[in-house]
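This report concerns only the one structure given below.
The values are calculated or read from the model by the stated rules, or taken from the named source; none is laboratory data. Worth saying up front: this structure is predicted, and the values here are computed from it rather than measured. All Cβ positions, glycine included, derive from the backbone under ideal geometry; neighbour counts span all protein chains shown. Surface accessibility is based on the protein's heavy atoms, side chains included, excluding ligands, DNA and RNA. Shrake-Rupley method; radii C 1.70, N 1.55, O 1.52, S 1.80 Å.
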Amino acid sequence: WWRREIRPASCCHKWVHVVHVTQTLYSLAVQSGLLERLSPKQRLALIISAMCHDLEHPGVNSAYLLKSNSTLASTYNQDPGLLEKHHSLRAFELMIGRESSLLLKLSHADKREVCSMVRDLICATDMGRHSTFVAALKRRVEAIESGSTDGRDPLMSEDERTLEDMQLLLKCADISNVLKPFAVAKHWAVRVTDEFFAQGDLERVGGMEVTPMCDRRTQSRVALQKGFIDFVVAPFVKC
C-alpha cells in the first residue's frame, strides 16, 4: 500500500537493479576467490542478500520517509536506516514463508544463522555506514602493503571476518554502476538521477525543503555522478 502511494513512475530500484547487483556480486565473489571459501550456508545468504537488498524499495530515500512522516518511518521508529531494515525484514518473511519454502530443508539453527547473515549483509548497504566500511577496507590494504597482518580486527572470529568480506563485496556490487562500460554506466546514471529528481518533485509538491541532490532546477546529472564517483565510489575502490 505504501509503495503505491509514493513510488515514482520512473525508478532505478526495480527488478533489473536486483539482477545487475546479483550478477556483479557473483562475478566478484568468483574472481576474488571468496566464493570457494564460503560454506553452503554463507553462499546462500550472500546470494539471497543480493537479490533482496532493495526489496520493496519505494523509490525515495530514508530522509524523505522520515520528513514526510510516512507510515514506514513510524513502523521503524524513525530509524535513519529504516529502508535497509525493511528490506531485511521482507527478506526474512520471504525466507521463512510457506509460499517460497526457501529454507524448508534447513534445521532451525541453520535457518537462524542464514537469516542473521542476510540481515547483517543487507544492513551493510546502508550508505549511512559507508565510511565505516571504507575505513575497514583501508586498514586492510595498508596492513597488507606493510606486510604486517591482513588488516582485519584480531578480536573478530573467523565467521565475523568472513561476514565482513561478504559485506564489502555486496557494497561494491551495489555501487558498481559507474565501474561498468560507459554505455552501461550512462544508462544507470540516467535511471538513478531520474529517481532523485522524482523525489525532489514530491518534496516540492509536498511543501518540504527539497533535498539538494534531488533538485532538478539546480542539479545536473553529470555533477551528481561526479560527486558520487569522487566521494562514494573512489574512496572505496581505490583503498
### Task
From the list PHE231, PHE196, pick out the single residue that is part of a helix (DSSP H, G or I), among the hydrophobic types (A, V, I, L, M, F, W, C), out of contact with any His (no Cβ under 6 Å at 6 or more places or on another chain) and under 18 Å from LEU66 (Cβ atoms).
PHE196
### Task
Taking ALA91 as the residue in question, decide whether it is free of Cβ contacts under 8 Å to residues at least 12 places away in the same chain and either open to solvent by 60 Å² or more (accessible area, probe 1.4 Å) or not in a loop (DSSP other than H, G, I, E, B) (or both).
no
### Task
Kindly list, by first and then second residue, each pair from a residue in the range 33-56 that is over 18 Å from SER100 (Cβ atoms) to a residue that is charged (D, E, K, R) and open to solvent by 40 Å² or more (accessible area, probe 1.4 Å), limited to pairs with Cβ atoms under 7 Å and residues at least 6 apart or on different chains.
LEU35/ARG43
### Message
Looking at the structure I just gave you, is GLU160 over 24 Å from HIS17 (Cα atoms) and open to solvent by 30 Å² or more (accessible area, probe 1.4 Å)?
### Response
yes
### Task
Return a yes/no flag: does the range 18-35 have any residue that is within 27 Å of GLY200 (Cβ to Cβ) and buried (at least 18 other Cβ atoms within 10 Å of the Cβ).
yes
### Task
Out of ASP159, ASP165, report the one residue that is farther than 23 Å from LYS238 by Cα, part of a helix (DSSP H, G or I) and out of contact with any Phe, Trp or Tyr (no Cβ under 7 Å at 6 or more places or on another chain).
ASP159
### Task
Determine whether ARG191 is under 17 Å from the mean Cα position of the chain (by Cα), over 23 Å from LYS67 (Cβ atoms), of a type outside the set (S, T, N, Q) and open to solvent by 30 Å² or more (accessible area, probe 1.4 Å).
yes
### Boolean, ARG43 is outside any loop (DSSP other than H, G, I, E, B) and either more than 30 Å from GLU158 (Cα to Cα) or open to solvent by 50 Å² or more (accessible area, probe 1.4 Å) (or both)
yes
### Message
Being modelled with pLDDT of 90 or more, under 23 Å from ALA198 (Cα atoms), more than 20 Å from the chain's Cα centre (by Cα) and open to solvent by 40 Å² or more (accessible area, probe 1.4 Å) is the requirement here; does SER70 meet it?
### Response
no
### Any chance VAL18 is under 14 Å from the mean Cα position of the chain (by Cα) and free of Cβ contacts under 8 Å to residues at least 40 places away in the same chain
yes
### Summary
Those residues of the range 94-119 that are closer than 23 Å to LEU72 by Cα, at pLDDT 95 or above and surrounded by fewer than 17 Cβ atoms within 10 Å (Cβ to Cβ) come to a total of 1
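Just one of ILE122, ILE144 is without any contact (Cβ under 8 Å) to a residue 24 or more places away in the chain and either within 21 Å of HIS13 (Cβ to Cβ) or surrounded by fewer than 16 Cβ atoms within 10 Å (Cβ to Cβ) (or both); which is it?
ILE144 is the lone residue from the list that is without any contact (Cβ under 8 Å) to a residue 24 or more places away in the chain and either within 21 Å of HIS13 (Cβ to Cβ) or surrounded by fewer than 16 Cβ atoms within 10 Å (Cβ to Cβ) (or both).
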### Task
Being open to solvent by 60 Å² or more (accessible area, probe 1.4 Å) and part of a loop (DSSP other than H, G, I, E, B) is the filter here, so list the residues in the range 199-218 that pass it.
GLY207, GLU209, ARG216, ARG217, THR218
### Message
I'd like to know if the range 127-138 contains one or more residues that are more than 18 Å from the chain's Cα centre (by Cα) and at pLDDT below 90.
### Response
yes
